[in-house]
Amino acid sequence: MDAAAIAALAEPQRRAVYEHVAAAGAPVSRNAVADALEIGRTLAAHHLDRLAEAGLLEVSFARVNGRSGPGSGRPSKLYRRTAAEHGLSLPPRDYRTLATVFADAIEEAGVEPALFEAARRQGERHRKDDLPPEELLRRLGYEPYEDGDVWRLRNCPFDGVARTHAALVCGANLALLEGALDGVRIDPRPVGCCVTVRRSVPGTINNEDRF
Amino acid sequence: MTFHLAQLNIGRTVGPKDDPRMAGFYGDLDRINALADGWPGFVWRLVDETGADATSLRPFGGDVIVNLTVWEDLESLREFTFRSGHLDVLRRRREWFVPLGDVYAVNWWIPAGHTPTVDEAGKRLDLLRRNGSSPEAFTFRDPFPAA
């Protein structure tokens with residue numbers, strides 16, 4: 001099942017379609033994908049439907065122009081990334097079960113401060129790479145996007161364990177990012193990672209960076 | 001019949017209310033309670049005679065404070081707990097609370113309009129501790145739907 005889903009991404013253009021939809025943050029239409037990738041509408045529809053069949057995208061219908069009632073036309077087919085996780089590990093690996101067991105033990109022992117300290121040290125290792133924040137966040141799987149003067153993070157790389165151990169995982173995640181970057185804050189939203197990272201806006205001098 | 005969700009959680013504090021180590025917790029309590037009171041799906045929370053919070057009530061022991069609330073559904077409580085400013089309090093809990101060494105939180109369904117008592121809440125916590133998650137007393141991790 002997962003192998004078939006992942007195989008659907010082997011075709012480079014289809015993978016570009018998938019990445020465009022995943023980065024959009026809201027359901028997108030065939031036309032929007034065709035325009036963004038500069039491909040034909042029929043080809044865009046083909047890729048989108050293959051990705052939906054593979055379980056990587058899900059489909060909804062809505063009128064994109066906001067009109068309704070007679071004469072407003074047929075609703076558009078819209079696509080967005082499914083919440084389902086797909087992974088393939090050969091030989092089989094299962095770090096999630098292990099992480100859940102670790103989280104249970106940390107909670108029972110009450111050693112969260114040790115966890116957060118370890119996470120901070122893990123984050124500090126990334127500082128040596130000296131990457132721009134956006135690039136580092138992208139590489140770590142957070143899918144950053146601009147929102148005013150901060151980066152918000154569309155994806156939680158630890159979502160599976162965060163759902164059962166939010167206090168631990170969100171705390172460790174915050175500490176990890178504080179170790180790696182400046183201007184990191186916790187600001188929970190209904191979806192996505194609870195952390196924001198301050199953007200350094202070109203042409204301005206940030207006092208926190210100077211002192 | 002409409003059901004609401006009742007939730008009890010208890011915590012053993014690292015010191016009494018005037019202990020400097022507790023200042024961060026008590027200093028933020030009014031803000032967090034106000035956030036809960038205004039959260040979509042919030043129904044009720046236990047308060048003592050001050051009317052502000054329940055921190056003077058000690059039904060589970062001298063250093064164990066109690067938080068008893070009612071919500072329209074599990075999702076509302078989950079959103080408040082993990083997707084609001086409350087998350088940061090949860091993240092920092094070990095600064096203020098020592099490990100209890102036992103189950104410290106329980107959820108159960110009540111008929112809408114019923115106000116749970118501390119006694120009833122304690123019995124649900126005992127049930128969960130004895131039997132694990134069940135329709136009568138369940139965890140966030142292994143929830144059960146309303147009957």
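Here are the numbers:
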quantity	calculated
For residues of B:80-93, the mean tally of beta carbons on other chains within 10 Å	5
Interchain or long-range residues, amide H under 5 Å from A:Leu57's placed H	A:Ala52, A:Thr82
Cα-based helix-to-principal-axis angle, B:74-83 vs chain B, degrees rounded to 10	30 degrees
Eligible aspartates and glutamates near A:Lys77 by straight Cα distance, threshold 20 Å, same-chain separation 8 or greater	A:Glu19, A:Asp35, A:Glu38, A:Asp49, A:Glu53, A:Glu58
Per-peptide average of other Cβ atoms within 10 Å, ordering A:12-21, A:175-184 highest first	A:175-184, A:12-21
Loop trypsin sites (Lys or Arg not before Pro), region B:1-87 (other Cβ atoms within 10 Å of the site Cβ: 14 or fewer; DSSP)	B:Lys17
For A:180-188, mean number of other protein chain Cβ atoms within 10 Å	2
Distance between region A:98-144 and region A:6-45 - C-alpha centres, whole angstrom	32 Å
Förster-model FRET efficiency, 35 Å R0, A:Leu98 and B:Ala105, C-beta, rounded to 0.05	0.90
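The numbers here are math on the coordinates, done by the rules we state, and not lab data. From a predicted model like this one, the values you see are computed outputs, not experimental measurements. So basically every Cβ, Gly included, is an ideal-geometry build from the backbone, and we count neighbours across all protein chains shown.
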